[in-house]
């Protein structure tokens with residue numbers, strides 16, 4: 001009997017803790033068209049999605065975090081490579097070009113992080129503006145057959161300061177798998193016919 005009471009008490013306690021965490025008023029949850037993640041309620045939120053891509057931008061002060069995911073399912077390595085060139089490489093190249101056009105000399109390096117619990121490759125671009133180092137980190141990986149990209153832009157100091165927000169988003173990011181085709185029912189052969 002004592003064991004049963006202990007188990008009931010432990011289960012009830014766990015449910016209370018989970019319920020309290022799920023209702024934290026400082027955290028919001030985005031969930032639309034198969035893409036979801038948590039983010040701080042005090043950050044500005046902008047959904048700039050189109051028919052081709054989900055594009056969410058979060059900002060606070062001079063820091064911007066972007067989550068981008070084309071809606072197309074990537075079923076082959078060739079499509080994945082094409083998406084990397086189109087989404088990640090062109091995005092980073094355009095940022096480097098804009099920094100160069102502003103008269104700065106960006107340095108580019110290869111970096112990795114975790115997105116949704118797995119390794120994600122990326123690029124770090126840094127330049128000096130008015131004595132402060134800043135730039136962009138941009139990472140990508142394939143999740144549930146969709147390309148997912150996360151980037152953060154700001155000063156080095158601000159990027160470091162917002163690491164807990166970055167961690168919250170990248171750890172909670174999910175993409176639902178593609179819908180599975182329903183099997184077509186086959187007519188059963190008529191009884192008595194050969």
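The values are calculated or read from the model by the stated rules, or taken from the named source; none is laboratory data. Nothing here was measured: the structure is a model prediction, and the numbers come from that model. No Cβ is skipped: glycine too gets one built from the backbone with ideal geometry, and neighbour counts run over all protein chains shown.
Some values worked out for this structure:
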{"read-out": "Failed item in (1) closer than 23 Å to residue 172 by Cβ; (2) at pLDDT below 95, with residue 54 passing the rest", "value": "(2)"}
{"read-out": "Residue list for segment 162-181, restricted to those being loosely packed, with under 13 Cβ neighbours inside 10 Å and at pLDDT 95 or above", "value": "163, 164, 167"}
{"read-out": "Selection status of residue 151, within 12 Å of the chain's Cα centre (by Cα), modelled with pLDDT of 95 or more, surrounded by fewer than 20 Cβ atoms within 10 Å (Cβ to Cβ) and under 30 Å from residue 33 (Cα atoms)", "value": "no"}
{"read-out": "Out of 112, 76, sole residue that is more than 30 Å from residue 181 (Cβ to Cβ) and surrounded by fewer than 19 Cβ atoms within 10 Å (Cβ to Cβ)", "value": "112"}
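A quick yes/no check of all residues on (1) without any contact (Cβ under 8 Å) to a residue 60 or more places away in the chain; (2) in contact with a strand residue (DSSP E or B) (Cβ under 7 Å, 6 or more places away or on another chain):
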residue	(1), (2)
55	yes, yes
60	no, yes
79	yes, no
94	yes, no
105	yes, yes
115	yes, yes
